[in-house]
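Contents: one structure, followed by commentary.
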Amino acid sequence: MTKDEVFSKLKEVLVSEFGLEDSEVTPEANLAADLDLDSIDAVDLIVKMKSHVSGKIEPEQFKHVKTVQNIVDVLFPLAQ
């Protein structure tokens, strides 16, 4: 899976599961400030993305995630 494919899948989940507008979900979008996602939403997002990556997602990897691109960067190696 390429980084673009990871982003597309992440965007699809954010739009369908969190009710966000497609245009809101950009790589630069800040999860809290721009998308209004809190820590509980972030955990829910990780759970929903588990089925789309082959590696094990460790919650600790997400401690410093602030943007959509940060999530893509964490998930990309797990999607190989």
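The values are calculated or read from the model by the stated rules, or taken from the named source; none is laboratory data. Bear in mind that the values here come from a model prediction, so they are computed numbers and not experimental data. Methodologically, a virtual Cβ is constructed for each residue, glycine included, from the backbone with ideal geometry; neighbour enumeration extends over all protein chains shown. Note: areas computed on protein heavy atoms with side chains; ligands, DNA, RNA excluded. Shrake-Rupley method; radii C 1.70, N 1.55, O 1.52, S 1.80 Å.
With loop defined by DSSP as not H, G, I, E or B, and exposure as at most 12 other Cβ atoms within 10 Å, which is the longest segment of the chain clear of exposed GluC sites (Glu not before Pro)?
29-80
Summarise the accessible area of the chain (1.4 Å probe, protein heavy atoms) by the percent that is carbon and sulfur.
51
Might you report the magnitude of the Cβ-based charge dipole of the chain about its Cα centre, with Lys and Arg at +1 and Asp and Glu at -1, to the nearest 20 debye?
Roughly 420 debye for the chain.
In terms of modelled amide H atoms, which long-range or inter-chain residues lie less than 5 Å from the amide H of residue 67?
31
Which is the longest stretch in the chain that no exposed loop site breaks, taking sites as trypsin sites (Lys or Arg not before Pro) with a DSSP loop state and at most 15 other Cβ atoms within 10 Å?
Longest stretch, sites excluded: 1-55.
Counting heavy atoms of the protein chains only and a 1.4 Å probe, report the per residue accessible area for the chain as a whole number of Å².
61
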